[in-house]
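Here's the structure we're looking at; comments come further down.
The values are calculated or read from the model by the stated rules, or taken from the named source; none is laboratory data. Keep in mind it's a predicted model, so treat the numbers as computed, not measured. Cβ coordinates were reconstructed from backbone atoms using ideal geometry, including for glycine residues, and neighbour counts include every protein chain displayed. Please note that ligands, DNA and RNA were not included when accessible areas were found on the heavy atoms of the full protein model with its side chains. Shrake-Rupley method; radii C 1.70, N 1.55, O 1.52, S 1.80 Å.
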Amino acid sequence: MFKLSKKWKNILGGLVAFSLISCILAVLGGLYILYSYGRDLPDYKQLANYEPPVVSRVYAGDGSLLKEYATEKRLFVPISAVPPKVIQAFLSAEDQNFYTHIGIDFKGLLRAVLVNVKNVLTNRRPVGASTITQQVAKNFLLSGEVRFERKIKEAILSYRIEQAYSKDQILELYLNEIYLGQNSYGVAAAALNYFGKSLEELALEEIAYLAALPKAPANYHPVRKYAAALGRRNWVLGRMEDEGFISQDEKDAAVEIPLVAQEAGQARVFQANYFAEDVRRELKKTYGDDELYGGGLAVRTSLSPRLQTIAERELRNGLVIYDRRHGWRGPIGNIDMFSVSFKEWRDQFLKIDTPLGTENWQHAVVLEVQDNFATIASRDALSTSETYSQIPFETISLEEVKWARSWLPNERLGAKVETVAAVLTQGDIIAVEKIEPDTEQLPTELVGSIHYGLRQIPSINGALVALDPHTGRVLAMVGGYDFARSEYNRASQAKRQPGSAFKPFVYSVALDNGFTPSSLVLDAPFVIDQGFGMGKWKPRNSSSKFYGPSTLRLGIEKSRNLMTVRLAQNLKMEGIVEVAERFGITEDMPDLLSMSLGAGETTLLDLTAAYGMIVNGGKRIEPALIDRIQDRRGKTIFRHDNRSCDACEVTSWNYQLKPELPDDRDQVLDKVTAYQLVSMMEGVVQRGTGVRIRALRRPLAGKTGTTDESFDTWFVGFSPDLVVGVFVGFDTPRSLGRGEEGSSVAVPIFRDFMADALKDENTTPFRIPEGVRLVRVDPVTGLLATAGAKNTILEAFRQGTFPNKEDQVLDGFNSLVQTKTKLRTGTGGIY
């Protein structure tokens, strides 16, 4: 038997003792490290209450996406809703041992240590071997700095997290928190931003690309770093095959597909910027910035994309048409084409980014000017031309600039245009639109050219609102010519004088106080002393004429100012002020007679809603942009319509009757009075200031509005189920020019909007409530029509009233006089 010598026994004993002491010291050192680095670590239990900033999304009434608001563009998706292939791709790329390790992958850690030793010697950046759990610890609880101390803390936290949470919970945190480039936080947001798809819609090669991004999204940009991105994507596909998640055939097929991602910001979004901005302001006011930009709100609005598209087009067209009537204000700018090279002036031109308000227009520069035409170079042409000779032959004919007479102060016009040179100069930067000219009238020298029309950005502005008169839901809102040029919303923010568009509310007070549409009011001069040192107020009709005794209907149809003032003086302004407040038109309106002619201020949105309360039978509505709001968990936290409907809660239809919802709207106007106003305003369209609308041959009604010196022009009108308001005016108030009124500016916009908005709708007559008696009368005198009389109308009377020859005339002395007597005259304060 072999025996150790004493010497070797001592040596062996020393080694054992040294090993034991080393182990004890290592354990003690490890415990010290765990204690030292683990005692001040963040509380990992906070992960149980993880609520990351989630994007809030605003939708139109048909579900189209309008806007997203976020500090971090993230869409939270529970792990149960993440497709298996997405999970498999990220596990293959980031942590193949995720479901088996304890938060730390020791094999990967050893490999990283060996690599980092080499990297230190070669002066390269250290690499990590972080597991998904470690990345969760880093992203949620620690900084991203690569340091030894941080790695120890990360490992400790990872172990603790693994003991407290399931693997699926950890993976859910990771997939929703990770940054994947292009302002994409989480895999769901990345799927939308890169490919315009939900997670369920992604193809295998698209999933692999997203799984390639966590390490360094900027290094694998799908356009700027295409080769690297494609290589990294294919590496992920190879890893998925190695792990058995896909077959070789699936991998080979996916590798052959090019990497195609959509450009940033090109998600499928319907543009309605004025509307969306008003929604944003309302959400901010109600919920605050934190909830708006990180609360994951799902906001369903009332917007109709179809009506919004029509509204934007027709308002823009109407503003352009008015602007062209008042002449050419000159080019956008001018480029010196002689002292610099072609490339220099071309590059200078291509930097011009003045918003034009429509995609159909573009910038162009004038190259040469002849008497009958100008040669131009459009942005499209110059962006593809490297030399002057490569510019295609593009022209503007004399016929297309004849409208461009010089603009003169007070919206007057200069001399007629006889040559193109009278309008354009070489180097002018202008707005143009491609057109199809009449080839029969085209000069021979222009045959074969690309034809353009001269355009001009309007200096005037305006707004259009369309809403449901029964609910107040705003279906379309355009607050100006172009949101990119001005974010100021002239529909909801601008307070302007409504002028004659306020008159129906004055007449409503009269109808509520014994007047009928056939009641006579004297249309004659009216003067009132305003007090010491203030002179006399002398309102006049727009025609500057006087028409004698006239019916209330005629006063509305022809917009007679003198009749309205005389009526308001008789009724007392207190009642009219109360009506203005009751309808939400304006608050704290002075009880001055001038207010009866619309001298107070209101917004287009409020005035349009007030007209909605007339056509709906006198029921109160509040204009509303938002139908419903849900929080990040899908719980409804706001509804515009709060009526309960137990009968609506059914799982299937078994031929039961449609549930009847209660009508809890307040009655703000007598329903008979409301219909009388509707009927009278229908006369505005048939015979009055809105007669241009009559061509639509539909039941439509409304009222024009024009303020003193034509500073503001309006038309607010309606069909039985749609109310629309139009305002046009300069942002800095000034006259629209001689002869411009609501009938010439706002009415055509309303008409063209309604023509398209209602083209597929059935013709519905205005609804007549109980208590109305229709009587055929003479539209001029208001008296009962005689047998065989022509040009008669059906007038709406309240039951128990009818016109007769004994009716009285409201004269200039605040009194009623029998029509069979001679009207009194005199020199009183009002006459």
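Before moving on, here are some points about what is shown:
- Per-region count, segment 356-369, residues within 27 Å of the chain's Cα centre (by Cα), β-branched (Val, Ile, Thr) and at pLDDT 95 or above: 0
- Residue in segment 405-423 that is in contact with a Gly (Cβ under 6 Å, 6 or more places away or on another chain), within 15 Å of residue 446 (Cα to Cα) and not basic (Lys, Arg) present: no
- Taking first residues from segment 506-520 that are touching a residue at least 12 places away in the same chain (Cβ under 8 Å) and partners that are basic (Lys, Arg) and not in a loop (DSSP other than H, G, I, E, B), the Cβ contacts under 6 Å between residues at least 6 apart in sequence or on separate chains come to 517/553.
- Exactly one residue out of 360, 372 is open to solvent by 10 Å² or more (accessible area, probe 1.4 Å) and closer than 19 Å to residue 319 by Cβ: that is 360.
- Tally of residues being free of Cβ contacts under 8 Å to residues at least 60 places away in the same chain and either part of a loop (DSSP other than H, G, I, E, B) or of a type in the set (Val, Ile, Thr) (or both) across segment 643-686: 22
- The set of residues in segment 49-70 being assigned to a strand (DSSP E or B), farther than 13 Å from residue 280 by Cβ and at pLDDT 95 or above consists of 59 alone.
- Screening residue 509 with (1) assigned to a loop (DSSP other than H, G, I, E, B); (2) within 30 Å of residue 552 (Cβ to Cβ); (3) open to solvent by 10 Å² or more (accessible area, probe 1.4 Å) gives one miss only, at (1).
- Qualifying positions in segment 737-763 - in contact (Cβ under 8 Å) with a residue 60 or more places away in the chain and open to solvent by 50 Å² or more (accessible area, probe 1.4 Å): 738, 741, 752, 763
- Scanning segment 587-613 for residues that are more than 27 Å from the chain's Cα centre (by Cα) and among the aliphatic types (A, V, I, L, M), we see that the one that is most open to solvent (accessible area, probe 1.4 Å) is 592.
- Residue count for segment 401-412, restricted to those that are modelled with pLDDT under 95 and either among the β-branched types (Val, Ile, Thr) or buried (at least 16 other Cβ atoms within 10 Å of the Cβ) (or both): 1
- Some residue of segment 357-374 being among the hydroxyl-bearing types (Ser, Thr, Tyr) and in a loop (DSSP other than H, G, I, E, B): yes
- Residue tally, condition open to solvent by 50 Å² or more (accessible area, probe 1.4 Å), within 29 Å of residue 402 (Cα to Cα) and over 39 Å from the mean Cα position of the chain (by Cα), over segment 337-355: 1
- Verdict on residue 218 being among the small types (Gly, Ala, Ser), touching a residue at least 12 places away in the same chain (Cβ under 8 Å), surrounded by fewer than 15 Cβ atoms within 10 Å (Cβ to Cβ) and assigned to a helix (DSSP H, G or I): yes
- Qualifying positions in segment 543-584 - outside any helix (DSSP H, G or I) and open to solvent by 10 Å² or more (accessible area, probe 1.4 Å): 543, 544, 545, 546, 547, 548, 549, 558, 559, 560, 572, 584
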